[in-house]
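J.: A single structure is presented below for examination.
The values are calculated or read from the model by the stated rules, or taken from the named source; none is laboratory data. What you see is a predicted model; the values in this text were computed from it and never measured. Cβ sites come from the backbone with ideal geometry, for glycine too, and all protein chains shown count toward neighbours.
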Amino acid sequence: MKPYFTLDNPKRERSTIRGCVNHEGERYDYKTGESVLTIEWDVTKCKPSPINNVTNDRLNAIEAAMTNAILYFKSQYVTPTKPEFRQKVSELLQGKTFSAISQQDRYLVTFIPRYLKDSTFSQGTKNIFNNLLALLEEFEKKQGKKISFYDVNLKFERDFKKWLNGKEYTKNYVGTIIKKLKKVMKDSRKIYRLHDNTEPEEFEVESETADTIFLSMPELIKIHRLKFPEPHTITTSQMIRVQKTFLIGAMYAMRVSNYSRLIDMNITGNTVTIIPVKGSNIRKPKPITMPMHPIVREILQGGFKMEDAANEVMINKHIKVLCQMAGINEPVTKYQTRGGKLTSEIKPKWAWVTTHTARRSGATNMKLAGMDNALIMVCGGWKSEAMLMKYLKQTIDTDIIKMRESKYFSQK
């Protein structure tokens, strides 16, 4: 395993020097960046003659780095690719000790902060990864050991899920955590080349259709008609901003991230253009143009400016109060799997409303008004009908009315 050096061009007057080491039947090399007169090359020692001390000092450092790189990969039970080997040698030459690199690259919880720092994820997505990190740290304490990349196997999946279910988390939340864990493991393997563990690809991400509510058009109109006494306090002003922003989102089945993407310059005549925030450098989101909804027209003609749209934090703070003020109080039972068991909980309808209720309400009310799924998909920016169907929410009462009107239940 002892490293050695060779000349790239031994027949020329001057040649660059390359470091080499054999490991598990593979020959790994590293460009030293050094060169030497071929007449000064000591063929026996595979180094320049002692007269060239500066070059030899550099080669001694590279030799030590190559040795430690091989020791590192052996400690990880990994056969590196040639680019991985060169990268590790470079890191060691930059002053990172073997133990520091091993500690950083071997354990999941020490990798995730670096992973997030390098990423371009939104803050919301980073928050989910930070939740994963906190749970892994807590799970480590329970296990009494740090979690390496090779510990994340199918047995780990079983034990981790069992522990999460013991904390009474919902099935969808557990599924989200496992999904992010798979993402971290995949990127640490494919992008950072820290391991070759592929077992996480087999992890099952479980989910269930959330039994959430939507607000009907009569209920949205109640919110629209709410009046606030003057003079407006800071809280009242915030509630008015939430009222207007949420209603515009509900009329167009918008994501909360798009609530403020409807700006005055997009509003022309009888149409409205929304510029979706989702997309990438490769696939830019396409603007969506739709007819002006009467409620939106009233809001805008009343002087509301889209640059004053409420953000997600403000909407979550006030939307339940607004719905309660509007008398949206009917009891609603929500079913979901929590801690691995099906549970039910009854609350007044206003207590279940969130920012995302606007998007679900828009899609469902469009469907109830007879709009084709294809058009609803255009309005809301859904890429598949399967995704849309998760948002379409009709009450049991609505379904019963339709059943009674069908020929099947009217037969004698």
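J.: If residue 126 meets every condition in (1) in contact with a Ser or Thr (Cβ under 8 Å, 6 or more places away or on another chain); (2) under 17 Å from residue 206 (Cα atoms) apart from one, which number is that one?
T.: (2)
J.: What residue, among those in region 1-35 that are hydrophobic (A, V, I, L, M, F, W, C) and at pLDDT 90 or above, is surrounded by the fewest Cβ atoms within 10 Å (Cβ to Cβ)?
T.: Once the filter is applied, the top-ranked residue is 20.
J.: Turning to a different aspect of this structure: In region 291-327, which residues are over 13 Å from residue 248 (Cβ atoms), surrounded by 14 or more Cβ atoms within 10 Å (Cβ to Cβ) and free of Cβ contacts under 8 Å to residues at least 40 places away in the same chain?
T.: Residues satisfying the conditions are 316, 320, 324.
J.: Any residue in region 140-156 that's within 14 Å of residue 195 (Cβ to Cβ): show its pairings with residues that are of a type in the set (D, E, K, R) at Cβ separation under 6 Å, as long as the two are six or more apart or on different chains.
T.: Correct list of pairs: 147/140; 148/106; 153/199.
J.: Is there a residue in region 82-99 that is polar (S, T, N, Q) and at pLDDT 85 or above?
T.: yes
J.: Next question, about the same structure. State whether the residues of region 164-187 include one that is over 28 Å from residue 335 (Cα atoms) and in contact with a strand residue (DSSP E or B) (Cβ under 9 Å, 6 or more places away or on another chain).
T.: Scanning region 164-187 turns up no residue that is over 28 Å from residue 335 (Cα atoms) and in contact with a strand residue (DSSP E or B) (Cβ under 9 Å, 6 or more places away or on another chain).
J.: Wholly within region 238-351, which strands (runs of 3 or more DSSP E) include no fewer than the required count, namely at least 1 residues that are over 31 Å from the mean Cα position of the chain (by Cα) and at pLDDT 90 or above?
T.: 331-338, 341-348
J.: Could you look through region 182-197, keep only residues that are among the aliphatic types (A, V, I, L, M) and more than 16 Å from residue 76 (Cα to Cα), and pick out the one that is surrounded by the most Cβ atoms within 10 Å (Cβ to Cβ)?
T.: Ranking the qualifying residues of region 182-197, first place goes to 184.
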